[in-house]
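Engineer: Provided herewith is a single structure, encoded as structure tokens, for subsequent inquiry.
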Amino acid sequence: MKNTLISSVIFFSLLASVLFFNNKLINVCDKVNDYSNKIESSLSKEDWKESYKESLKLSNLLEENYVSLSLYINHEQLDNLSKEILSLTQYIKAEDVSNSLSSVHIIKSYTKHIKDIQKVNIGNILNSNLKNIFYCGIYNDFSL
């Protein structure tokens, strides 16, 4: 009885932490998209001061949540997003419209990708399991 209780507590605490981090990740991605939309609209007006201010807010948002999110998802995805945000701030500082807009779209694409791979659906589950089978060395003759 004691083992069942301990196992249940561990299972439900794990489930609660996964749900918490998943919701936090989705909220951060939504905020990143909101900031990106604000930056994009201010760039179209060529309001460089407002764009730079919003890009710094975007950078701070990711810095504040980096550690907790990297516990839940692969840090390489966050690194790519962080690098692109830093590039965006420099493009805005240099008042480069085309690179700034392309950087905003890359940021939006990264956040969409991060949200898509965190959704619980059969495709993500099967894809994850197939990668684990092939990368763990069970089938070394094949590559993905």
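Engineer: Can you work out the FRET efficiency for the pair residue 59 and residue 15, with r the C-beta to C-beta distance and R0 = 35 Å, to the nearest 0.05? Let's see the in-between values first.
Structural biologist: On the way: r = 33 Å, r/R0 = 0.93.
Here the calculated transfer efficiency is 0.60.
Engineer: About the Cα centre of the stretch 1-71, what is the dipole size in debye to 20, counting +1 per Lys and Arg Cβ and -1 per Asp and Glu Cβ, all else neutral?
Structural biologist: Taking the Cα centre of the stretch 1-71 as origin, the dipole is about 340 debye.
Engineer: In whole Hz, with x marking every Gly and Pro, tabulate ³J(HN,Hα) for the stretch 2-17 from phi via Karplus 6.51 cos²θ - 1.76 cosθ + 1.60, θ = phi - 60°.
Structural biologist: Along the stretch 2-17, the couplings run 5, 5, 5, 5, 5, 4, 5, 5, 5, 4, 6, 5, 5, 4, 5, 5 Hz.
Engineer: Further question on the same structure: So what are the ³J(HN,Hα) numbers for the stretch 29-43, from phi and the Karplus equation (6.51, -1.76, 1.60; θ = phi - 60°), rounded to whole Hz, Gly and Pro as x?
Structural biologist: 4, 5, 5, 4, 5, 4, 4, 5, 5, 5, 5, 4, 5, 6, 5
Engineer: Express the relative contact order of the stretch 22-88 as a whole percentage, based on alpha carbon pairs under 8 Å and six or more residues apart in sequence.
Structural biologist: So the answer I get is 33 percent.
Engineer: Turning to a different aspect of this structure: To the nearest 20 debye, what is the magnitude of the charge dipole of the stretch 16-135 about its Cα centre, counting +1 on the Cβ of each Lys and Arg and -1 on the Cβ of each Asp and Glu?
Structural biologist: With Lys and Arg at +1 and Asp and Glu at -1, about 340 debye.
Engineer: May I ask you to evaluate 6.51 cos²θ - 1.76 cosθ + 1.60, the Karplus curve with θ = phi - 60°, for each residue of the stretch 73-87 and list the ³J(HN,Hα) values in order in whole Hz, giving x for glycine and proline?
Structural biologist: Each residue's phi maps through the Karplus curve to give 10, 4, 5, 5, 5, 5, 4, 4, 5, 5, 4, 5, 5, 5, 4 Hz.
Engineer: Which one, 33, 17, 106, is farthest towards the positive end of the dipole of the stretch 1-111 when Lys and Arg carry +1 and Asp and Glu -1 on their Cβ?
Structural biologist: About the Cα centre, the residue reaching furthest to the positive side is 17.
Read-outs: derived from the displayed coordinates by stated rules, not from any lab. Note that the structure is predicted; figures quoted are calculated from it, not measured. As a convention, Cβ positions derive from the backbone with ideal geometry for all residues, glycine included, and neighbour counts pool all protein chains shown.
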